[in-house]
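Colleague: I am attaching a structure below and will ask some questions about it afterwards.
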Amino acid sequence: MIYKNLPYKEVWIKRSFLMGPDNFKWASDEYIQGQLVGVKAVQSSVPLFEVYLPEYAACYDKVLQCAIFEKPYTGDKEIRLDDVAWWDCISDNIDIYSKLILKGSPVAMKTRNGENRTGTYFFTLDFKPPPPNESIDYTEAQWWSEHKQKNFFFDDETGVLCCAPNNKLRYFHYSLGTEEPKRPFFKVFEPSNEWSHESKGQFFGDTKSFDYSKENS
């Protein structure tokens with residue numbers, strides 16, 4: 001498990017999700033104001049978020065994503081895990097960063113259930129293999145055809161915290177984007193063992209002279 005701090009953000013947490021799984025309310029609920037603190041990742045499981053709750057001077061460190069909102073949601077529609085994200089964590093080892101060129105850009109995704117969600121890009125959670133001296137790599141983090149990011153935003157309609165990998169998300173950059181973007185034709189990247197900067201063997205021999213020259217200088 002790897003823990004990372006998150007950007008400062010005031011959020012609202014469903015009260016029932018602070019009372020154990022038997023009490024979860026997937027639809028309407030009471031809300032408690034808090035601040036995002038951090039996130040922890042466990043391979044093949046959902047990320048769990050830590051939230052500071054000022055009213056109680058307490059941190060609750062295992063909040064599900066579907067219980068975190070930018071504003072209290074007043075509707076009666078159920079919001080479950082499949083409504084806010086696509087994939088579980090592919091590694092315990094994570095990094096948090098912001099794609100600066102896309103900061104503040106509107107985004108749109110279609111959920112697993114076929115619903116459209118829009119919002120503003122917030123931050124990215126990305127996955128790394130474990131440190132080589134700490135564990136055998138059982139993860140998909142370095143299998144490029146399986147690698148996935150979690151790009152986070154708050155849904156405009158409900159306020160719930162959502163995320164999607166790049167191939168499930170559209171970024172509408174105000175300056176660089178176009179009014180009617182084309183539908184992507186892209187395919188998943190497949191790595192090849194034939195791609196290398198060191199595959200030709202042209203440096204065998206004199207590698208001590210300037211610029212690997214065959215002539216002594």
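Colleague: So if I take the alpha carbon set of segment 91-196, get Rg, then get Rh from the Kirkwood formula, what is the Rg over Rh ratio?
Modeller: 1.02
Colleague: Another question about this same structure. Considering the options 154, 13, 96, tell which one lies farthest towards the positive end of the dipole of the chain, charges being +1 on Lys and Arg and -1 on Asp and Glu at the Cβ, about the Cα centre.
Modeller: The residue sitting farthest along the positive end of the dipole is 154.
Colleague: Continuing with this model, one more query. Treating only the Cβ of Lys, Arg, Asp and Glu as charged (+1, +1, -1, -1), what charge dipole size does segment 3-126 show about its Cα centre? Round to the nearest 20 debye.
Modeller: Here segment 3-126 has a charge dipole of around 320 debye.
Colleague: Then there is this: May I ask you to compute the full-extension gain from residue 97 to residue 194, defined as 0.36 nm times their residue separation minus their alpha-carbon distance, rounded to one decimal in nm?
Modeller: Fully extending the segment from residue 97 to residue 194 adds 31.8 nm.
Colleague: A follow-up question, please. Quick check: from the Cα gyration tensor, does segment 1-77 come out rounded (a/c under 1.5), prolate or oblate?
Modeller: Since a/c reaches 1.5 but b/c is at least a/b, the shape of segment 1-77 is classed as oblate.
Colleague: Also: Residue separation times 0.36 nm, minus the C-alpha to C-alpha distance between residue 183 and residue 61: what's the value?
Modeller: Fully extending the segment from residue 183 to residue 61 adds 40.0 nm.
Colleague: What do you get for Rg/Rh over the chain if you use C-alpha atoms and the Kirkwood form of Rh?
Modeller: 1.11
Colleague: Let me ask something else. Would you mind getting me the FRET efficiency between residue 23 and residue 3? Use the beta-carbon distance for r and R0 = 30 Å, nearest 0.05.
Modeller: Plugging the Cβ-Cβ distance into 1/(1 + (r/R0)^6) gives 0.75.
Colleague: Using 0.36 nm times the number of residues separating residue 137 and residue 74, minus their current alpha carbon distance, what extension gain do you get?
Modeller: So the chain would gain 18.3 nm between residue 137 and residue 74.
Colleague: Separate question: Alpha carbon centre of segment 63-97 versus segment 111-148: separation in Å?
Modeller: 14 Å
Colleague: From largest to smallest, what semi-axes in whole angstrom does segment 24-118 give when each is the square root of 5 times an eigenvalue of its alpha carbon gyration tensor?
Modeller: Taking √(5λ) for each eigenvalue gives 21, 20, 16 Å, largest first.
Read-outs throughout are calculated quantities, based only on the coordinates presented, and are distinct from any laboratory measurement. Just so you know, these numbers come straight off a predicted model, no measurement behind them. All Cβ positions, glycine included, derive from the backbone under ideal geometry; neighbour counts span all protein chains shown.
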